[in-house]
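The values are calculated or read from the model by the stated rules, or taken from the named source; none is laboratory data. Every value quoted in this text rests on a predicted model; they were computed, and no experiment measured them. All Cβ positions, even for glycine, are placed from backbone atoms using ideal geometry, and neighbour counts span all protein chains on display.
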Amino acid sequence: MSHIELDRERCEGHGTCEQIAPNIYQLDDEGLVSILVDQPLPDELVGAAEAGARVCPLAALRVVDGS
Amino acid sequence: MTARRPRRNIVIVGGSIAAVTAAQVLRAEGYQGRLTMLSAETHLPYSRVPLSKSVLSGAADITTCALPISTESVDVRLGQPVVGLDDQAHCVHVANGDAINYDGLIVTSGARARRLARPGQSGEYVLRDASDIPALVERLFAARTVVVIGAGFLGMEIATTCTTLGLDVTVIDRDPPLRRLLGTWLSALVVAKAEASGVRFVRADKGVSLLGDGHVSGVAYDDVTLQADLVISAVGDIPNTEWLQRSRLRAAGAIVVDQQCFASPDIVAAGDVAAIRQPDGSITRLPHWNNAVRQARTAALSLLHGRDAPIAEPDHYFWTDAFGMQIKVCGRIPEQHDPIILERDDTQGSYLVQWTGSDGNPSAAATVNRKLPVVKLRRLATDAGVVAT
């Protein structure tokens, strides 16, 4: 099972993750990332979660295999 | 264009965000063939964004900036600078003598820091790659005075970090600091903060040269010489295209591609190495993070799907962090016009501002130390009458 590791301290709210995977990531009213889906991630969402995580300029997101 | 033999052997030249994004998109699209990434760097892919800030100050280690990449699905080869392209034979030449064949090539070889040193001069520091960090950090901790040449985003970020470390900082440029990037009003805000932090700004409109016959000992401009323990140049970048010179893609500067990132039927390019020819004939190079991501995505899809791939729309979003001000900008700031101040909080030093063009419609919007979802900032940069909440 995979889940998203978020280092919220690092997030600067550039929204690149949200652009790539809007069904997984969204910037909240504070302008910082929030995760829209339940964890652990359903298999069908892992690819999108990884794609969104990979483009974070602050490397604040990571999809890890938690099994 | 879609009925073509599927590709089975794609090579990516480069190892940064554009390269990583292209690799990921290829695999996500179901590409099952060989995928080789040739990176000149010795580090696994990482983000350059924190280099001038937390990494330079010592607050973060480069390993914390790693970009996730699956080395199981991508054959990542580090320390492999590509030195030549034979596009007729469909192969690239690596510095170690290897020739690597491809049936699809993704050019994401990036750019390198421009330097001012004359032949024989050493000790001009730049900050572009992780490999620039160790020597620069060592000098930073030994120096007392530093001259930063270049008052763009990178120069100002470096100056910020130097100030934090207690150094005596002079920033020198031929143009007013940040003016071209942020316009008169916003650049003045940053300059005021920088000066309050003790930074001196020098205008050298005839340009700057480095002092010293061997080791660089300072800078000279007009009739003035300025000694410094450390000189750091942040004077722009040069696309890494020399390896294309003997191919049909040879370019002076960036490699020019179409909106689908094609340079030729089997070669695409993305990121800082690329410039896009727009339908009106203009050529735009936007070496920012989001464009590297967008172009790499398009480039990968173009290799797989040909002309059915979506075009890489330019994204005029960028940000910087200098002297305690986090600034995010969407759109193009008119240099001379002052913005409309939509919100201002002096206790936080925060602003939300919007510029309008000559037609009265919004052309850009920016936040300073103001948290706002980027989608709202984007809307403010394009839509009239939008109220930010």
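Things to note:
- Residue that is surrounded by the most Cβ atoms within 10 Å (Cβ to Cβ) [pool: residues in region B:327-360 that are within 18 Å of B:ARG180 (Cα to Cα) and within 14 Å of chain A (Cβ to nearest Cβ)]: B:CYS330
- Where a residue in region B:70-84 is assigned by TED's automatic domain parsing to the domain that holds B:THR241 and its partner, wherever it lies, is among the acidic types (Asp, Glu) and modelled with pLDDT of 95 or more, with Cβ under 7 Å and at least six apart: B:LEU78/B:GLU41
- Test: B:SER363 is touching a Lys or Arg at 6+ places or on another chain (Cβ under 8 Å), away from every other protein chain (no Cβ under 14 Å) and surrounded by 13 or more Cβ atoms within 10 Å (Cβ to Cβ): yes
- Residue in region A:13-26 that is at the interface with another protein chain (Cβ under 7 Å from one of its Cβ atoms), touching a strand residue (DSSP E or B) at 6+ places or on another chain (Cβ under 6 Å) and under 18 Å from B:ARG370 (Cα atoms) present: yes
Let's see how each residue does on (1) under 20 Å from B:ALA299 (Cβ atoms); (2) among the β-branched types (Val, Ile, Thr):
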position: B:VAL83; (1), (2): no, yes
position: B:ASN101; (1), (2): yes, no
position: B:LEU116; (1), (2): no, no
position: B:ILE133; (1), (2): no, yes
position: B:VAL146; (1), (2): no, yes
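- Residue satisfying condition, being closer than 30 Å to B:PHE323 by Cβ and either buried (at least 17 other Cβ atoms within 10 Å of the Cβ) or in contact with a Phe, Trp or Tyr (Cβ under 6 Å, 6 or more places away or on another chain) (or both), within set B:VAL268, B:VAL199: B:VAL199
- Considering B:ALA312, B:ALA299, the condition of being closer than 22 Å to B:ASN9 by Cα and out of contact with any Asp or Glu (no Cβ under 9 Å at 6 or more places or on another chain) is satisfied by B:ALA299 alone.
- Screening chain A for strands (runs of 3 or more DSSP E) wholly inside it with 1 or more residues that are without any contact (Cβ under 8 Å) to a residue 24 or more places away in the chain returns the ranges A:25-27, A:33-35.
- From the list B:GLY33, B:GLY58, B:GLY84, the lone residue that is away from chain A (no Cβ under 14 Å), out of contact with any Pro (no Cβ under 9 Å at 6 or more places or on another chain) and either over 20 Å from B:LEU244 (Cβ atoms) or of a type in the set (Phe, Trp, Tyr) (or both) is B:GLY58.
- Odd one out for B:LEU380 among (1) surrounded by fewer than 17 Cβ atoms within 10 Å (Cβ to Cβ); (2) within 14 Å of chain A (Cβ to nearest Cβ); (3) touching a Pro at 6+ places or on another chain (Cβ under 7 Å): (1)
- Selection of region B:52-64 for residues being touching a residue at least 24 places away in the same chain (Cβ under 8 Å) and either touching a Cys at 6+ places or on another chain (Cβ under 7 Å) or outside any loop (DSSP other than H, G, I, E, B) (or both) yields B:SER52, B:LYS53, B:VAL55, B:LEU56, B:SER57, B:ILE62.
- Among residues of region B:304-322 that are within 13 Å of another protein chain (Cβ to nearest Cβ), those with a Cβ under 9 angstrom from a residue that is part of a loop (DSSP other than H, G, I, E, B) and among the charged types (D, E, K, R), sequence gap 6+ or separate chain, pair up as B:TRP319/A:GLU12; B:ASP321/A:GLU12.
- Cβ-Cβ distances below 6 Å connect the following pairs, each with a first residue in region B:138-150 that is under 13 Å from B:SER217 (Cβ atoms) and assigned by TED's automatic domain parsing to the domain that holds B:VAL224, a second residue that is small (Gly, Ala, Ser) and crowded, with 21+ Cβ neighbours inside 10 Å, and a separation of six or more residues or different chains: B:THR145/B:ALA228; B:VAL146/B:ALA228; B:VAL147/B:ALA228.
- If you check B:ALA274, B:ALA296, B:ALA292 for being within 20 Å of B:GLY236 (Cα to Cα), within 14 Å of chain A (Cβ to nearest Cβ) and in contact (Cβ under 8 Å) with a residue 40 or more places away in the chain, only one passes: B:ALA292.
- Matching residues, region B:13-30, being among the hydrophobic types (A, V, I, L, M, F, W, C), within 14 Å of chain A (Cβ to nearest Cβ) and not in a helix (DSSP H, G or I): none
- For B:ALA251, the requirement of being under 26 Å from B:ASP87 (Cβ atoms), surrounded by 15 or more Cβ atoms within 10 Å (Cβ to Cβ) and either not polar (S, T, N, Q) or not assigned by TED's automatic domain parsing to the domain that holds B:GLU138 (or both) is met.
- Of the strands (runs of 3 or more DSSP E) lying entirely inside region B:189-274, the ones with 1 or more residues being within 19 Å of B:VAL169 (Cα to Cα) are found at B:200-203, B:209-211, B:218-221, B:224-227, B:230-233.
- On the stretch given as region B:39-55, residues that are closer than 20 Å to B:VAL293 by Cβ, away from every other protein chain (no Cβ under 14 Å) and touching a strand residue (DSSP E or B) at 6+ places or on another chain (Cβ under 8 Å) total 1.
- The residues listed here are A:ARG54, A:ARG10; of these, the one that is within 22 Å of B:SER52 (Cβ to Cβ), more than 7 Å from chain B (Cβ to nearest Cβ) and either surrounded by fewer than 21 Cβ atoms within 10 Å (Cβ to Cβ) or out of contact with any Asp or Glu (no Cβ under 8 Å at 6 or more places or on another chain) (or both) is A:ARG10.
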